[in-house]
Amino acid sequence: MPNSDRQGGPNLCPCGNNASYEECCQPLHLRQKSAQTAEQLMRSRFCAFVKEQWQYLLDTAHPKETAPNAIEELKNWSTTKTWGMLKILKTRQGKTNNDTGEVEFVAFYQEPSASSGSEAKPILHQHHEYSHFEKIDSHWMFTQGIAQEPIKVNRNEPCPCNSGKKAKKCCLA
Ligand SMILES: [Zn+2]
Ligand SMILES: [Zn+2]
């Protein structure tokens, strides 16, 4: 499979769109553009974890997180994770002419195994969530997420860790 068909290919945005980071999520992270749809905001928030755009995550959530250590907490939560694919499973509303929207997604990541010798293979995990978004002052905001049961990973598809190998030859081996 060519690199361009793969998330996290060298020049593609980590959010999984078939465009470079510079053309896709970076203008949102730099506040040069704002998300037009709930899905676009969702993708840019996932991408913000990969690109360590902590303030963006705080600024696109409602109600606004005001704890003084909020950025520290995001960093600490994300630091052990190596982010893989983002899969958008379903969207409901969340279009330019809507005021609310829902996005169901799975974000894959690897974490070192608990029995971590230095040789230990990282373990593939997933975060499956139903996220709710609202347009507030004409900006899409993440309002709440409800965690869901993990989905089944197809062994014959590219591994969600973005290695480029089939899952059965990689994290599901
Ligand atoms: Zn993107
Ligand atoms: Zn893998």
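Would you kindly identify the strands (runs of 3 or more DSSP E) lying entirely within region 88-173 that contain at least 3 residues that are among the hydrophobic types (A, V, I, L, M, F, W, C) and within 16 Å of ligand 1 (Cβ to nearest atom)?
100-111
Criterion first (at pLDDT 95 or above and within 16 Å of ligand 2 (Cβ to nearest atom)) does T60 satisfy it? Quick ask: steps written out before the conclusion?
Numbers: at pLDDT 95 or above: yes; within 16 Å of ligand 2 (Cβ to nearest atom): no.
So T60 fails the test.
Could you please let me know if A120 is over 22 Å from A35 (Cβ atoms), of a type in the set (A, V, I, L, M, F, W, C), more than 13 Å from ligand 2 (Cβ to nearest atom) and modelled with pLDDT of 95 or more?
no
Give the residues of region 77-86 that are of a type outside the set (G, A, S) and at pLDDT 95 or above, sorted by residue number.
The first filter runs over region 77-86 and keeps only residues of a type outside the set (G, A, S), leaving 77, 79-83, 85-86.
Result: K81, T82, W83, M85, L86.
Condition first: at pLDDT 95 or above, more than 8 Å from ligand 1 (Cβ to nearest atom), over 20 Å from Q93 (Cβ atoms) and in a loop (DSSP other than H, G, I, E, B). Now tell me which residues in region 1-48 satisfy that.
S20, E22, E23, L30, R31, Q32, K33
The values are calculated or read from the model by the stated rules, or taken from the named source; none is laboratory data. Note that this is a predicted model, so its numbers are computed, not measured. No Cβ is skipped: glycine too gets one built from the backbone with ideal geometry, and neighbour counts run over all protein chains shown.
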